[in-house]
Amino acid sequence: MPNTPQTSEILGQNPDPAKLLQNLEALDTDQKKFNLLRNIFVEEADVNEYIQYLDTDEDIDLTRRQLTGLKSTLEGFKVYLKQYLQQTGERIGRFDERLAEGVKSFANPEATPEELEGIGKTRRRVAQAMQIANIPRGAKGKSLREVTQKGPVSGIESSKEQAGLLKNLEAQYPTMQATFERYEIFTKGMPTWEQVKKGLTPEVLDKALKLAEPTLLLIPPTTRLSKVVAINKHPAKGQKFDTYTHELENNDLWNGGKSKTENKWQVSIVEGIQNVAQDEQIYNGERNNYEMSRLWVKKYEDRGLDVMNDAGAYLTLMMKGLVEGKPIDSQTFTALNGKNLTETSFVAVGVWSDVQVRLTGDYPDSVGDSLRLRGSVGVDVPETT
């Protein structure tokens with residue numbers, strides 16, 4: 001039997017904070033730490049309960065600095081866990097056989113406590129994922145796969161979600177205006193909210209609901225260089241150096257392989273989450289950047305989504321993040337030529353490296369756990385006059 005950390009469900013008590021911190025500090029990436037924590041905490045309520053324990057127990061043998069660091073990791077894990085469960089909801093049909101086996105195992109008198117623990121985790125995660133995916137518990141007589149493939153449970157629920165997203169996007173519009181004002185970007189011809197709203201059809205909103213933190217993005221028809229200059233001219237908090245760029249004039253790297261950029265405002269809804277969650281179906285420790293990029297593109301396309309594939313959109317989203325004090329890709333990097341990447345071409349990479357924005361690159365045959373792509377949904381709006 002593998003030597004995996006036991007949960008508080010089995011122990012009947014909270015994990016020892018000093019030992020947990022020691023185990024976490026021995027891991028060199030956030031993903032590895034989150035994988036460890038996922039074996040300990042099944043749902044967000046478990047994490048909240050443990051954080052409360054850390055805040056109230058006076059016998060914990062940790063310094064204040066160590067305690068703060070541990071709690072910070074746990075807060076990051078909560079964000080990851082939500083994303084993980086969303087991904088689980090999308091591929092929930094894969095749990096069918098495991099659940100069927102679980103029913104048999106519960107009836108097996110020879111099942112070990114560890115096996116029962118694993119079955120319990122699976123059942124709890126499925127229940128959470130079903131809730132996140134808006135799947136009713138009463139959907140009897142059908143497999144989970146059959147239920148999830150039919151999309152929204154009802155037109156009413158779908159309409160409510162769309163209405164909520166539309167309201168959220170409207171609230172984001174002034175943030176885009178403030179971002180351009182902050183960076184002194186000329187807004188002549190910028191679509192009004194009413195014009196943007198006309199492009200937010202039910203089909204567009206349905207697609208956008210599949211994104212992690214759907215974010216309204218209005219991309220000005222300025223050059224990549226001018227956007228870089230704007231970022232450098234108005235440094236945000238913590239930005240100590242000018243933006244690093246690699247072959248910024250190269251359209252294959254930074255413009256999706258297109259020789260020219262349309263001289264008009266572009267509108268899209270993008271995955272605006274600060275750091276896109278890892279997908280364990282894509283990253284396995286062996287695939288290289290090229291292979292993972294292709295899988296990321298396929299993942300989004302299979303869901304009817306596009307991906308961010310140019311530096312203009314990325315720099316605009318980065319500006320918004322800098323204004324809000326949450327620069328994107330602080331722990332990951334976004335590949336910006338995933339759709340036109342080849343096995344021999346450089347991987348165009350956008351990242352925030354603690355003190356500066358970087359448009360750099362990586363080799364297609366490199367192996368690492370930081371590469372992500374960002375989902376995107378285009379919005380067609382009436383042209384301004």
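We did not get these values from a lab; they are worked out from the coordinates using the rules stated. This is a predicted model, so every value here is computed, not measured. Neighbour counts are summed over all protein chains in view; Cβ atoms, including those assigned to glycine, are modelled from backbone coordinates with ideal geometry.
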- Interchain or sequence-distant (5+) residues whose placed amide H lies within less than 5 Å of the amide H of GLY257 are ASP252
- Message: Placing one identical point scatterer on every Cα of region 155-378 and ignoring solvent, what is log10 I(q)/I(0) from the Debye formula at q = 0.11, 0.15 Å⁻¹?
- Response: -0.52, -0.99
- Task: Kindly write out, for region 287-299 in residue order, the coupling ³J(HN,Hα) from the Karplus curve 6.51 cos²θ - 1.76 cosθ + 1.60 (θ = phi - 60°), rounded to whole Hz, with x marking Gly and Pro.
- Result: 5, 8, 4, 4, 4, 5, 4, 5, 5, 4, 4, 4, 4
- Message: Could you work out how much longer the chain between LYS260 and ASP61 gets when fully extended? Use 0.36 nm per residue separation minus the Cα distance between them, nm to one decimal.
- Response: 65.6 nm
- Message: Spelling out what I want: for every residue of region 355-370, take phi, set θ = phi - 60°, compute 6.51 cos²θ - 1.76 cosθ + 1.60 (Karplus), and round to whole Hz; glycine and proline get x.
- Response: 10, 7, 7, 10, 10, 10, x, 8, 7, x, 9, 6, 10, x, 10, 9
- Item | Fully extended contour minus Cα-Cα distance, from LYS19 to LEU248, at 0.36 nm per residue | 77.7 nm
- Message: For the ranges 26-37, 201-212, what's the packing order if you count other beta-carbon atoms within 10 Å of each residue, average per peptide, and put the highest first?
- Response: 201-212, 26-37
- Query: Roughly how many whole Å is it from the C-alpha centroid of region 197-233 to that of region 170-195?
  - Reply: 11 Å
- Label zone at ASP365, where the point sits 7 Å out along the Cα-to-Cβ direction: region 338-356 residues whose backbone N lies under 15 Å: 342-347
- Note on the structure: The Cα extents of region 267-385 along the principal axes, largest first and rounded to whole Å, are 50, 35, 25
- Gained length - THR29 relative to ILE185, 0.36 nm times residue gap less alpha-carbon distance: 52.4 nm
- Item | Separation in nanometres of the label points that stand 7 Å from Cα toward Cβ, at GLU194 and GLN52 | 5.0 nm
- Phi to ³J(HN,Hα) by Karplus 6.51 cos²θ - 1.76 cosθ + 1.60 over region 47-62, Hz, x for Gly, Pro: 5, 4, 5, 5, 4, 4, 4, 5, 6, 10, 7, 7, 9, 6, 8, 9
- For region 235-324, state which trypsin sites (Lys or Arg not before Pro) are in a DSSP loop and have at most 16 other beta carbons lying within 10 Å of their beta carbon. LYS237, LYS240, LYS258, LYS260, LYS264, ARG287, ARG303
- Message: For GLY361, what residues show an amide H to amide H distance below 5 Å, using hydrogens built from the backbone and excluding near sequence neighbours?
- Response: VAL349
